[in-house]
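Scroll down for the structure; my scribbles are underneath it.
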Amino acid sequence: MAKIHAIRTGWVQVRQAQMSSKGRGISRTINMLTDKDWTEWLPIYAWAIEQGDAVVLVDTGETARVHEMGYHPRWHPFYRRAVRFGVAPEDEIGPQLRALGMSARDVREVVLTHLHTDHAGGLAHVVG
């Protein structure tokens, strides 16, 4: 029997206009960048699927490096105006796997749903 673990790798806030998909095309982007209202803090999840002694990881979550100057491109308005992260080193996928009694060596496959940093930021923990 497989076990599925939801692993919270930090928190994110985005503008309300992004959550509600307010507008279309360029107006949607403008709405997102100029909206004054933030969402509540939303969890960032990765998933570990345990099957016997192997683990499949779906996404790797976020990294605490998001708080370092230069991690995100400074020129990009989304990272300057439309997103906030709350990620501590202990939130990252490596420490979270260890808390579950697993290690990076147990991970046999990593499936990335897409390449946004909140889904692929923890790759360094599982790539050798």
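Can you tell me how many residues within the stretch 103-120 are modelled with pLDDT of 95 or more and part of a loop (DSSP other than H, G, I, E, B)?
Residues that pass the stated criteria total 3.
So Ala82 passes all but one of these: (1) closer than 30 Å to Lys3 by Cα; (2) within 19 Å of the chain's Cα centre (by Cα). Which condition number does it fail?
Every listed condition holds for Ala82 apart from (1).
Does the stretch 12-69 hold any residues that are outside any loop (DSSP other than H, G, I, E, B), over 18 Å from Gln96 (Cα atoms) and among the β-branched types (Val, Ile, Thr), and which are they?
Val14, Ile26, Thr29, Ile30, Thr34
List the residue pairs whose Cβ atoms are under 6 Å apart, where the first residue sits in the stretch 1-17 and is farther than 21 Å from Val55 by Cα, the second is crowded, with 18+ Cβ neighbours inside 10 Å and aromatic (Phe, Trp, Tyr), and the two are 6 or more positions apart or on different chains.
Taking only residues 6 or more apart or on different chains, the pairs are Val12/Phe85.
Step by step: first the residues of the stretch 98-127, then only those that are of a type in the set (Gly, Ala, Ser) and touching a helix residue (DSSP H, G or I) at 6+ places or on another chain (Cβ under 9 Å), then the one that is farthest from Val83 (Cα to Cα). Which residue is that?
Going through the qualifying residues, I end up with Ser103.
Tell me yes or no: at least one residue of the stretch 44-54 is touching a strand residue (DSSP E or B) at 6+ places or on another chain (Cβ under 8 Å) and touching a residue at least 60 places away in the same chain (Cβ under 8 Å).
yes
Taking Val87 as meeting all but one of (1) aliphatic (A, V, I, L, M); (2) touching a Ser or Thr at 6+ places or on another chain (Cβ under 8 Å); (3) modelled with pLDDT under 95, write down the number of the exception.
Only one criterion is unmet by Val87, namely (3).
Determine if the stretch 57-76 includes at least one residue that is touching a Pro at 6+ places or on another chain (Cβ under 8 Å) and of a type in the set (A, V, I, L, M).
So far as the stretch 57-76 goes, yes, one or more of its residues are touching a Pro at 6+ places or on another chain (Cβ under 8 Å) and of a type in the set (A, V, I, L, M).
Within the stretch 78-93, does at least one residue satisfy the condition of being assigned to a strand (DSSP E or B), surrounded by 12 or more Cβ atoms within 10 Å (Cβ to Cβ) and charged (D, E, K, R)?
yes
Considering only the stretch 2-31, state which residues are among the aliphatic types (A, V, I, L, M), within 22 Å of Asp118 (Cα to Cα) and exposed (fewer than 13 other Cβ atoms within 10 Å of the Cβ).
Ile4, Ala6
Scan (1) surrounded by fewer than 12 Cβ atoms within 10 Å (Cβ to Cβ); (2) under 13 Å from Asp118 (Cβ atoms); (3) of a type in the set (Val, Ile, Thr) for the single condition Thr34 breaks and write down its number.
Unmet for Thr34, out of (1) surrounded by fewer than 12 Cβ atoms within 10 Å (Cβ to Cβ); (2) under 13 Å from Asp118 (Cβ atoms); (3) of a type in the set (Val, Ile, Thr): (2).
Going by what's in this entry, would Asp59 be described as touching a Leu at 6+ places or on another chain (Cβ under 7 Å), among the acidic types (Asp, Glu) and at pLDDT 95 or above?
Yes; evaluated as a whole, the condition is true for this residue.
The values are calculated or read from the model by the stated rules, or taken from the named source; none is laboratory data. Treat the numbers as computed from the prediction; the structure is a model and nothing was measured. Heads up, the Cβs are rebuilt from the backbone with ideal geometry, glycines too, and the neighbour counts pull from every protein chain shown.
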